[in-house]
1. Going by average Cβ density within 10 Å per residue, which order do the peptides 90-98, 134-142, 23-31 take, highest to lowest?
2. Hey, which lysines would be in cross-link range of Lys84, C-alpha to C-alpha under 24 Å, not counting anything within fewer than 8 residues on its own chain?
3. Tally Lys/Arg at +1 and Asp/Glu at -1 over every other residue whose Cβ is under 11 Å from the Cβ of Lys139; what's the total?
4. Kirkwood hydrodynamic radius for the chain: how many Å is it when counted over pairs of different Cα atoms?
5. Can you tally the net charge around Leu13? Count Lys and Arg as +1, Asp and Glu as -1, for every other residue whose Cβ sits under 12 Å from the Cβ of Leu13.
6. Distance in nm between label sites at Ile121 and Ala37, each 7 Å beyond Cα in the beta-carbon direction?
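Bear in mind these aren't lab numbers, they're just calculated from the coordinates by the rules spelled out. Computed from a predicted structure; not experimentally measured. Here the Cβ positions follow ideal geometry from the backbone for every residue, glycine too, while neighbour counts run over all protein chains shown.
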Amino acid sequence: MAEGKRPGGLTALAVLNFVFGGLGALGVLALLALLTAASAVVNAASDGAVGVTSAPGAGIVYGLIALSIVQIILMIVSGVGYLKQKKFLGRTLGNVYAVVSILGSILGVVLAKMGFGFSNIIGLVYPILTLFLLNVTFKDDFVN
């Protein structure tokens, strides 16, 4: 491939990273707002009441949110790397995103007992596809 000529598939992968990263950021913000509202309700209900406590496993939820934030940052930064065809920003961080995302999906199912649904399938398919594309299809397209 001629230097400076970016494959259309790599551009599409970058756009998907930006879209999924943006949607993920909106989802995290909405979840944080929901958790804040739920915490306020629990605190209001616990004033003078015996036996009302916060939800169990809140640490797990906040840990998964932190992991989601890391995934979102990796997605967006690697998307920029795809556009610029940078080996570290694109290929390396894209691979790191994929591995972290797969581990996050597994942790979400195992630790949070969320069950295995459609969102988990998407959470596994896109990172696996990313790993394949970066290491097979586009491996020689990262020039610098």
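1. Top to bottom by mean Cβ count within 10 Å: 90-98, 134-142, 23-31.
2. Output for Lys84: Lys5, Lys139.
3. 0
4. One decimal place: 16.8 Å for the Kirkwood radius.
5. Net of charged neighbours comes to +1.
6. So the two model labels end up 2.9 nm from each other.
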